[in-house]
Each structure stands twice: as C-alpha cells, then as structure tokens.
1. Out of 60, 77, 29, report the one residue that is in contact with a helix residue (DSSP H, G or I) (Cβ under 9 Å, 6 or more places away or on another chain), over 30 Å from residue 8 (Cβ atoms) and in the same structural domain as residue 160 (by TED's automatic domain parsing).
2. Looking only at the stretch 10-45, which residues are at negative phi, in a loop (DSSP other than H, G, I, E, B) and modelled with pLDDT of 80 or more?
3. Can you find, within the stretch 162-190, the residue that is modelled with the highest pLDDT among those that are out of contact with any helix residue (DSSP H, G or I) (no Cβ under 7 Å at 6 or more places or on another chain) and in a loop (DSSP other than H, G, I, E, B)?
4. Return yes or no: is residue 159 out of contact with any strand residue (DSSP E or B) (no Cβ under 6 Å at 6 or more places or on another chain), outside any helix (DSSP H, G or I) and modelled with pLDDT under 95?
5. From the residues in the stretch 55-96 that are in a helix (DSSP H, G or I) and in contact with a strand residue (DSSP E or B) (Cβ under 8 Å, 6 or more places away or on another chain), which one is nearest to residue 34 (Cα to Cα)?
6. Within the stretch 99-135, restricting attention to residues that are touching a helix residue (DSSP H, G or I) at 6+ places or on another chain (Cβ under 8 Å) and not in a strand (DSSP E or B), which residue is modelled with the lowest pLDDT?
C-alpha cells in the first residue's frame with residue numbers, strides 16, 4: 001500500500017523509540033484503505049518515507065478519487081458518501097423485482113442496494129430494490145461518464161479539476177489496467 005501523507009508529530013520516547021503521526025488526505029482515506037490499514041495494525045511494517053512527487057499521470061480511478069476527496073473536504077462529507085452520491089448521479093443502476101430471500105445475494109453483487117418496497121404478484125411476495133453498480137465493474141464509457149460528472153461537480157464547487165491531458169491519459173491507463181471490463185468504446189470528455 002502506498003499513501004501520501006504529512007508528518008504531523010514526532011515524539012522521541014524515553015526508551016529511545018519514536019512515535020510518528022501522519023495525516024493522510026481525505027481522497028486516500030477511503031473506507032477500503034482504512035480497512036486494509038486496520039488489518040495491518042498488529043504486524044511490524046517496513047516503511048519507506050520519501051518526499052512526495054506528484055505523478056505525471058493518474059489512471060481514471062485515481063483521478064476520480066482525487067476529485068471525490070476534494071469534494072468531500074469542501075462538503076464536509078466522507079469520500080465514501082461522495083462516491084455513493086456520484087454513483088447515484090452518474091453511475092449505473094437497475095431496479096429489480098425479486099423474492100425477498102435474494103437480498104443478501106444482491107448486497108454481495110452490487111455496491112449499494114436500496115429496498116423500494118414489496119408487492120404481490122400472482123400470490124407471491126416480491127421485493128423491489130434499486131441496485132447500484134460499483135465503478136470497478138464499469139467499461140470505459142461508463143467510467144468516463146462517472147469521472148466527467150464528478151469533474152463537473154468539482155468545477156461548480158471549486159474543487160480539484162484535472163486538465164484535459166490528465167483526463168485522457170487517466171482514462172487510457174484505466175482502460176488498459178481494466179481490460180477485462182473495458183469495451184472498445186469512444187471516450188467522452190468535457
């Protein structure tokens with residue numbers, strides 16, 4: 001795992017050890033990253049600390065999360081909250097009518113599952129769910145739509161806005177890295 005951080009405190013302990021505290025920006029402190037770090041808490045770690053250098057290109061997913069982190073700071077929300085809102089605003093959803101017993105399988109298959117109520121069809125109780133697909137399952141066109149929507153939100157609110165070159169490069173890198181999900185489609189950018 002690689003993170004960007006700022007050292008916020010250095011304390012030399014009486015026993016000769018040191019306590020170092022880092023602050024990680026919101027766009028990297030995602031739920032998944034925090035969960036991964038929690039799993040590492042009980043282990044000795046090898047750390048490499050070096051001065052941050054902004055990478056010349058980020059893939060579209062990294063650009064998306066950088067924009068989401070920027071919006072989270074502006075809106076005083078978590079990156080996860082902004083991500084879910086973006087998925088609902090610009091992502092892929094489907095409404096399904098299924099037997100209520102399959103809800104756990106839906107929750108395993110989709111990023112977000114929202115119950116919409118139940119109804120009776122031919123004497124059988126059916127449950128309606130709005131299911132949101134996570135961006136890891138997107139093809140290039142879907143990822144482009146999501147990223148462009150979030151970038152428009154950033155423009156409106158004064159958040160981080162990548163330049164056109166970063167967007168095109170990011171989408172191309174994302175397409176190559178996610179070739180199993182990407183379809184041959186034209187990339188759409190603003």
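The values are calculated or read from the model by the stated rules, or taken from the named source; none is laboratory data. This one's a predicted model, so the numbers in the text were calculated from it and none came from an experiment. Backbone-built Cβ (ideal geometry, glycine too); neighbour counts: all protein chains shown.
1. Values: 77 fails: over 30 Å from residue 8 (Cβ atoms); 29 fails: over 30 Å from residue 8 (Cβ atoms).
Exactly one residue qualifies, and that residue is 60.
2. Going through the stretch 10-45, the residues at negative phi turn out to be 10-15, 17-45.
Next cut, in a loop (DSSP other than H, G, I, E, B) only: 13-15, 17, 24-30, 41-45.
Listed by number, the residues that qualify are 13, 14, 15, 17, 24, 41, 42, 43, 44, 45.
3. 163
4. Yes.
5. Step one: filter the stretch 55-96 for residues in a helix (DSSP H, G or I), giving 60-75, 79-90.
Among the residues that remain, those that are also in contact with a strand residue (DSSP E or B) (Cβ under 8 Å, 6 or more places away or on another chain) are: 84, 87-88.
On the way: 84: 17, 87: 21, 88: 23 Å.
That would be 84.
6. 135
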